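Take a look at the structure below.
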Amino acid sequence: MNCATGGFPTLRHNELRDFTAAALSEVCHNVAIEPVLQPLSGESFRYATANVENEARLDVSAHGFWGSRHQKAFFDVRIFNPTAPSYRNTAVTSLYRRFERDKQRMYEQRIRDVEMGSFTPLVFSSTFGGMGSAATVAYKRLASILSTQRGQSYSSVVSWIRCSTSFSLPRSAVTCLRGARSHRGSPVTIGALDLAISEGQVLPSH
């Protein structure tokens, strides 16, 4: 679940990032994946853990999500494994709060003071399929404006969002557990294509 070999945790993260961006694109303007933040010009921040990199990126941004058409809303996804040994003695609710706080200390003041926008951390549990309080509020807001846009009931849309995120997490968790992390069983490369055709006695099509 934590092994980065093979890129499976990244795939897990990107699936939720892309789902969020796709849903936002129905109701917001200028939706972007991995938007680059404006470079800093001497600003100082309250927390030492604030991200001050000039090439810092967040996962998704969109105009008009929280009401003001001109304000940009930024979102950043964090998925944690609650069964990791280091979290064994910590309640899942406490982990949600911890990771939301960590994200806020990294980005919130920079987004507010430099980007003049809003920041929402989207924290998920990789195995339980749950989400933190900030993500819950954000997806309820998304369901509300989507239901108006689509002409569907709020309960139907919020159920669709919950199902989409809840199924995405266990599905990607299975991929992390069962995905191949070696070169064995890898597909035939282009360089070996002629040999494969010859050995398989495949006739060329006309």
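Applied to segment 157-164, the Karplus parametrisation 6.51 cos²θ - 1.76 cosθ + 1.60 on θ = phi - 60° returns per-residue 3J(HN,Hα) values of 6, 5, 5, 4, 5, 5, 5, 4 Hz, with x for Gly and Pro. This ranking places H29, H63, H70 by how few other beta-carbon atoms lie within 10 Å of each, fewest first, which gives H70, H29, H63. Kirkwood-type hydrodynamic radius, segment 49-137: 13.9 Å, calculated from all non-identical alpha-carbon pairs. Near the amide H of H29, within less than 5 Å, lie the amide hydrogens of H63, all on another chain or at least 5 residues away, with H placed in the peptide plane. Spin-label pair T49-V92: with each label point 7 Å from Cα along the Cα-Cβ axis, the two points sit 2.2 nm from one another. For segment 27-37, backbone phi angles converted through the Karplus equation (6.51, -1.76, 1.60; θ = phi - 60°) give residue-by-residue couplings of 10, 10, 9, 6, 6, 9, 9, 6, x, 7, 6 Hz, Gly and Pro being listed as x. In whole Å, how far is the Cα centre of segment 144-163 from that of segment 51-70? Value for the Cα centre distance between the two parts: 24 Å.
Expressed in nm to one decimal, what extension gain is obtained for the pair S25 and W66 from 0.36 nm per residue of sequence separation less their Cα-Cα distance?
In short, 13.4 nm is gained.
Amide H to amide H distances under 5 Å link S118 with K72, A73, F74, where only residues 5 or more positions off or on other chains count and H is placed in the peptide plane. Applied to segment 70-80, the Karplus parametrisation 6.51 cos²θ - 1.76 cosθ + 1.60 on θ = phi - 60° returns per-residue 3J(HN,Hα) values of 9, 8, 8, 9, 10, 9, 9, 8, 9, 10, 10 Hz, with x for Gly and Pro.
Where a number appears in this text, it was derived from the coordinates with a stated rule and is not lab data. Quick caveat: nothing in here was measured; it's all calculated off a predicted structure. For neighbour counting, all protein chains shown are included, and Cβ atoms are generated from backbone atoms with ideal geometry for every residue, glycine included.
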